[in-house]
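Remarks on the structure that follows.
Rule-based calculations on the coordinates, nothing more; no lab input. Since the model is a prediction, treat every value here as computed from it, not as a measurement. Ideal geometry is used to build each Cβ from the backbone, glycine not excepted, and the neighbour counts take in all protein chains shown.
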Amino acid sequence: MNILFVTSEAYPLIKTGGLADVAASLPRALLKRDHSVRLVLPAYPRVLEAARKVGLKPLASLTYGERNITVWQTRLPGTRVTVWLVDMPEFSNRGGNPYVDDQGLDWPDNHRRFYWFGVVAAELAMGRAGVDWRADLVHGNDWQSGMAMALLAQEPKRPALVFTIHNLAYHGLFPYSAFAELSLPEHWWHPEAMEFYDQLSFIKGGLVFADQITTVSPSYAREIQTPEFGCGLDGLLFARQAQLSGILNGIDTQEWNPGRDPHLTQNYSRRNLKQKVVNKLALQERVGLPPSEETPLLGFIGRLVEQKGVDLMLSALPEFLKRGECQFVILGSGQAQYHTALKELQALYPEQLALTLGYDEGLAHQIEGGVDLFLMPSLFEPCGLNQLYSLRYGTLPLVHAVGGLNDTVFESSDQTEDGTAAESTPDNGFRFEAPTASALRDALTRALALYHQPDRWRQRQLNAMKGDYSWEKSAQEYERVYEQALQVRDQH
Ligand code: ADP
Ligand code: GLC
């Protein structure tokens with residue numbers, strides 16, 4: 001199958017979150033299964049810079065009135081995946097974050113940027129950009145590719161369309177003036193098309209027009225059909241439930257491999273798990289915590305936003321830090337209010353809490369390898385990747401049981417002595433059901449108690465490390481969805 005994968009980020013060219021990791025791994029897994037895959041991505045300056053190192057050549061040139069758009073061809077570094085870069089000044093002349101300015105505010109022309117991105121993706125998919133390749137199927141991701149889906153749906157001889165929701169909280173909403181400026185078809189201004197309570201919604205381009213919709217875990221696929229998690233789109237998703245499914249993300253098992261990870265001081269595997277503690281001591285030293293093998297070391301990595309449950313951590317953790325029961329390493333960046341609150345907490349407990357504000361790929365690996373327990377108290381979590389990295393690294397995740405966390409982290413309430421209660425899903429972490437500080441506190445108390453029973457702790461680590469988190473199975477599930485999408489399209 002010829003598959004065009006439309007995404008606004010892809011690791012290692014550009015990454016703000018898990019979408020970049022998925023966009024790097026899934027196309028590779030599909031390529032291995034003999035599909036012809038092309039990835040289309042905006043040409044942000046950082047992307048062009050990185051792409052120049054692996055080779056960049058002009059592929060196509062498109063002109064719309066005054067607007068000239070160049071499409072470059074490159075490769076995803078370290079892979080055979082062909083990448084097409086959409087180059088126009090709104091992408092390539094602007095540094096910083098792909099979506100927001102230095103203040104964290106959306107770029108004011110995002111509607112224009114991702115409209116033109118959609119136009120070019122659609123032209124490439126239709127084989128009309130002067131490139132000898134045409135898509136059988138277009139796989140769009142999140143709101144930034146919603147316009148590509150909507151535009152392609154208008155084509156009489158179109159590819160099949162699959163749209164993946166990585167995070168329903170981001171809709172790509174714009175005022176009517178944006179709709180008018182882009183001269184979109186009048187009939188799209190309708191609740192059954194791209195209007196959402198008097199605004200233009202890019203994500204609805206995918207949710208309404210795609211032949212199949214997926215999201216990144218089975219639990220999240222169910223949750224988003226309810227008002228609690230549906231972000232106002234639950235009605236639409238419920239109505240489309242026959243075309244909606246959840247496929248768990250895999251991880252890049254080469255990039256995230258404790259046996260070979262170059263960022264770790266000491267590589268280790270299930271066979272020499274005892275060596276893991278060397279990384280703990282190295283991490284404590286790196287982040288300036290008193291070195292201690294015995295003190296349980298907790299970690300958190302992620303965007304410091306409401307979704308990630310930062311408020312729960314801020315309420316539940318201080319008492320543990322105060323009693324000196326654990327140490328905690330945090331790496332993240334996001335909303336200013338969380339930066340301030342965490343800095344204050346660190347000032348109170350400098351021996352217990354190490355805080356790194358910013359983005360640091362190497363430190364992220366060292367945290368996964370070095371800590372004992374990884375916290376993910378997310379209020380919602382479509383899939384989550386860090387719990388999967390943690391499992392692979394024998395670092396036990398402690399999670400709020402929602403979305404992908406619910407589908408990947410297990411803790412039976414009636415465990416047997418060795419912690420292997422249910423055969424099919426042996427305990428591999430800790431979970432709590434209610435999104436409250438007291439539920440988090442209870443789970444953390446359980447985890448710290450188990451930590452002091454080394455044999456049972458080790459058993460849980462081994463269970464975690466035994467899991468298969470590779471992309472193979474998920475790629476096969478996507479193939480099945482692609483087949484269904486082709487059928488749905490042909491019925492129209
Ligand atoms: P989301 O996509 O919602 O941010 P995921 O768990 O799916 O959450 O993916 C987050 C990815 O980004 C992981 O690979 C994680 O390690 C990485 N990450 C997030 N924040 C940072 C940071 N400050 N430094 C390094 N890596 C980070
Ligand atoms: C989103 C979600 C995260 C998911 C990632 C990749 O950013 O917040 O849960 O793992 O996309 O699918």
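Taking the Cα centre of segment 270-468 as origin, work out the dipole magnitude from +1 charges on Lys and Arg Cβ and -1 charges on Asp and Glu Cβ, in debye rounded to 20.
Dipole magnitude for segment 270-468 comes out near 420 debye.
If you take the alpha carbon radius of gyration of segment 270-468 and divide it by 2.2 N^0.38 Å, what ratio comes out, to two decimals?
0.94
Obtain the nm distance between the two label points defined at Asn272 and Val54 by a simple spin-label model: each point lies 7 Å from its Cα along the Cα-to-C-beta direction.
About 3.2 nm, to one decimal.
On the principal axes of its Cα set, how long, how wide and how thick is segment 309-359? Give whole Å, largest value first.
Reported extents, whole Å, longest axis first: 28, 19, 15.
Which of His166, His339 has the fewest other C-beta atoms within 10 Å, and how do the rest follow up to the most? Don't skip to the answer; put the middle values down first.
On the way: His166 21, His339 15.
In order of increasing Cβ crowding within 10 Å: His339, His166.
Under a straight-distance cross-link criterion of Cα-Cα below 18 Å, which aspartates and glutamates are reachable from Lys466, leaving out those fewer than 8 residues away in the same chain?
Reachable aspartates and glutamates: Asp252, Glu255, Asp261, Glu368, Asp372, Asp407, Glu411, Asp418, Glu423, Asp427, Asp455.
Between Arg480 and Phe238, how many nm apart are label points set 7 Å from Cα along the C-beta direction?
Taking the simple label geometry, Arg480 and Phe238 are separated by 2.6 nm.
Give me the number: length gained by fully extending Thr16 to Gln307, i.e. 0.36 nm times residue separation minus the C-alpha to C-alpha distance, one decimal in nm. Don't skip to the answer; put the middle values down first.
Working: separation 291, 0.36 × 291 = 104.76 nm, distance 1.49 nm.
Gain on stretching Thr16 to Gln307: 103.3 nm.
Give me the distance between the Cα centres of segment 220-251 and segment 351-418, rounded to whole Å.
24 Å
Report the label-to-label distance for Thr70 and Asp132 in nanometres (one decimal), using points 7 Å from each Cα along the Cα→Cβ vector.
Computed distance between label sites Thr70 and Asp132 equals 2.4 nm.
Can you give the calculated 222 nm mean residue ellipticity of the chain, where each DSSP H run of n ≥ 4 adds -39,500 (n - 2.57) and the sum is split over every residue, rounded to the nearest 500 deg cm²/dmol? Before the final figure, lay out the partial values.
Details: 18 runs with 188 residues, N = 492.
Only helices count here, giving -11500 deg cm²/dmol.
Using a Förster distance of 30 angstrom, determine the FRET efficiency expected from the C-beta separation of Ser470 and His187, and round it to 0.05.
0.10
For the chain, what is the relative contact order in percent, using Cα pairs closer than 8 Å and at least 6 residues apart in sequence?
Values: 974 pairs, mean separation 59.0, N = 492.
Dividing the mean separation by the residue count of the chain yields 12 percent.
From the residues Gln453, Met465, Gln484, which one has its Cα farthest along the dipole of segment 445-492 in the positive direction, the dipole being from +1 and -1 charges on Cβ of Lys/Arg and Asp/Glu about the Cα centre?
The listed residue farthest towards the positive side: Gln453.
Explain nothing, just the number: dipole magnitude of the chain about its Cα centre with +1 on each Lys and Arg Cβ and -1 on each Asp and Glu Cβ, in debye rounded to the nearest 20.
It comes to approximately 1400 debye.
In debye to the nearest 20, how big a dipole does segment 234-329 give about its Cα centre with +1 on each Lys and Arg Cβ and -1 on each Asp and Glu Cβ?
320 debye
Go through Pro290, Ala43, Gly259 and say which Cα lies farthest out towards the positive end of the charge dipole of the chain; charges sit on Cβ, +1 for Lys and Arg, -1 for Asp and Glu.
Looking along the dipole axis, the top candidate is Gly259.
Restricting everything to alpha-carbon atoms, can you work out Rg to Rh for the chain with a Kirkwood hydrodynamic radius?
0.98
At a Cα cut-off below 18 Å, give the lysines reachable from Lys322, other chains included and same-chain residues fewer than 8 away excluded.
The reachable lysines, counting only those whose Cα sits under 18 Å from Lys322, are Lys343.
Taking the convex hull of the Cα atoms, report for segment 138-228 its projected area averaged over all directions, in nm².
Mean projected area for segment 138-228: 5.9 nm², to one decimal.
Over segment 270-468, what is the relative contact order in percent, taking alpha-carbon pairs closer than 8 angstrom and at least six residues apart?
Values: 354 pairs, mean separation 40.8, N = 199.
It comes to 21 percent, rounded to a whole number.
Excluding residues on the same chain fewer than 8 positions from Lys157, give the lysines whose Cα lies under 25 Å from its Cα.
Output for Lys157: Lys204.
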